[in-house]
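A.B. asks: Okay, handing you the structure first.
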Amino acid sequence: MSALVRRPVAFISAIVLFAEAVGVVIVNGVMATFVKNQDMSLAGTDPGAMANGAWVLGGISGLFLLLCGVLLLLTGVRDRAPGRIARVVLIGCAVIHGVLGALAVGLIGWTAFVSMMVVLGLIVLTLVAYGPGREEPATGSDTGADAEKPVAPAPA
């Protein structure tokens with residue numbers, strides 16, 4: 001895949017993950033506010049603890065999505081494949097989007113499923129576009145002086 005396609009896909013993926021990070025934090029903030037204001041509890045759990053848990057989950061999820069967005073942004077800026085750890089983080093993000101998309105079909109609807117699959121597709125397309133074997137060949141590996149030396153026949 002050419003750099004004309006790889007870089008924009010990485011940038012678009014990063015922008016989408018940044019927007020998703022903001023959206024996740026806002027949604028968890030709204031849920032935390034509703035839980036606290038309505039005095040909701042689950043099996044006698046303190047509503048304050050549930051509200052704080054929603055804020056913490058939103059913050060951790062938002063930071064994770066921001067990290068993935070930064071990794072994709074750096075991949076696009078450098079036009080080089082992400083490292084091993086960055087690749088594992090991005091694969092984890094793609095898996096999470098796949099699982100949440102499957103859950104979203106039954107709980108929320110097809111629109112949520114489609115949006116999760118679009119994000120999943122962008123992450124996977126970026127990973128495949130910058131996949132292994134895409135590095136430039138080293139200079140002199142096959143075109144150097146060694147390539148022109150005749151090979152001696154094997155002794156019989």
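The values are calculated or read from the model by the stated rules, or taken from the named source; none is laboratory data. Everything numeric here is computed off the predicted structure, so don't read it as measured data. For neighbour counting, all protein chains shown are included, and Cβ atoms are generated from backbone atoms with ideal geometry for every residue, glycine included. Quick note on the areas: whole protein, heavy atoms, side chains included, nothing else; ligands and nucleic acids left out. Shrake-Rupley method; radii C 1.70, N 1.55, O 1.52, S 1.80 Å.
A.B. asks: Can you say whether Leu72 is among the aliphatic types (A, V, I, L, M), modelled with pLDDT of 90 or more and in contact with a His (Cβ under 8 Å, 6 or more places away or on another chain), as far as the supplied structure shows?
C.D. replies: Details: among the aliphatic types (A, V, I, L, M): yes; modelled with pLDDT of 90 or more: yes; in contact with a His (Cβ under 8 Å, 6 or more places away or on another chain): no.
Criteria not met by Leu72.
Condition check ((1) modelled with pLDDT under 90; (2) loosely packed, with under 12 Cβ neighbours inside 10 Å; (3) within 16 Å of Gly23 (Cβ to Cβ); (4) not aliphatic (A, V, I, L, M)) across all residues:
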site: Gly109; (1), (2), (3), (4): no, yes, no, yes
site: Ile123; (1), (2), (3), (4): no, no, no, no
site: Gly133; (1), (2), (3), (4): yes, yes, no, yes
site: Pro137; (1), (2), (3), (4): yes, yes, no, yes
site: Thr143; (1), (2), (3), (4): yes, yes, no, yes
site: Asp146; (1), (2), (3), (4): yes, yes, no, yes
site: Lys149; (1), (2), (3), (4): yes, yes, no, yes
site: Ala152; (1), (2), (3), (4): yes, yes, no, no
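A.B. asks: Among the candidates Asp79, Asp46, Asp39, which residue alone is under 22 Å from Thr126 (Cβ atoms) and of a type in the set (Asp, Glu)?
C.D. replies: On the way: Asp46 fails: under 22 Å from Thr126 (Cβ atoms); Asp39 fails: under 22 Å from Thr126 (Cβ atoms).
Checking each option against the conditions leaves just Asp79.
A.B. asks: Going by the conditions given, is Ala81 crowded, with 16+ Cβ neighbours inside 10 Å and without any contact (Cβ under 8 Å) to a residue 60 or more places away in the chain?
C.D. replies: Considered against the rule, which asks whether it is crowded, with 16+ Cβ neighbours inside 10 Å and without any contact (Cβ under 8 Å) to a residue 60 or more places away in the chain, Ala81 comes out as yes.
A.B. asks: Out of everything in region 7-36 that is touching a residue at least 24 places away in the same chain (Cβ under 8 Å) and of a type in the set (Phe, Trp, Tyr), what residue ends up being nearest to Leu127 (Cα to Cα)?
C.D. replies: Per the criteria, the residue is Phe11.
A.B. asks: Is it the case, given these coordinates, that Ala14 is out of contact with any Lys or Arg (no Cβ under 6 Å at 6 or more places or on another chain) and more than 20 Å from Tyr130 (Cα to Cα)? I'd like the intermediate steps shown before the answer.
C.D. replies: Values: out of contact with any Lys or Arg (no Cβ under 6 Å at 6 or more places or on another chain): yes; more than 20 Å from Tyr130 (Cα to Cα): no.
Criteria not met by Ala14.
A.B. asks: Could you count how many residues in region 1-56 are among the aliphatic types (A, V, I, L, M), open to solvent by less than 50 Å² (accessible area, probe 1.4 Å) and at pLDDT 85 or above? Explain how you work it out, then say what you get.
C.D. replies: Of the residues in region 1-56, the ones among the aliphatic types (A, V, I, L, M) are 1, 3-5, 9-10, 12, 14-17, 19, 21-22, 24-27, 30-32, 35, 40, 42-43, 49-51, 54, 56.
Subset that is open to solvent by less than 50 Å² (accessible area, probe 1.4 Å): 3, 9-10, 14, 16-17, 21, 24, 32, 35, 51, 54.
Add one more test, that the residue is at pLDDT 85 or above, and what stays is 9-10, 14, 16-17, 21, 24, 32, 35, 51, 54.
Result for region 1-56: 11.
A.B. asks: So how many residues does region 50-65 have that are among the aromatic types (Phe, Trp, Tyr) and closer than 15 Å to Asn37 by Cα?
C.D. replies: Filtering region 50-65 for residues among the aromatic types (Phe, Trp, Tyr) gives 55, 64.
Still in the running and closer than 15 Å to Asn37 by Cα: 55.
Qualifying residue count for the region: 1.
A.B. asks: While we're looking at this one, here's another question. Considering only region 57-78, state which residues are farther than 17 Å from Ala19 by Cβ and open to solvent by less than 80 Å² (accessible area, probe 1.4 Å).
C.D. replies: Within region 57-78, the first condition is being farther than 17 Å from Ala19 by Cβ, and the residues that meet it are 57, 60, 74-75, 77-78.
Within region 57-78, Leu74, Thr75 meet the criteria.
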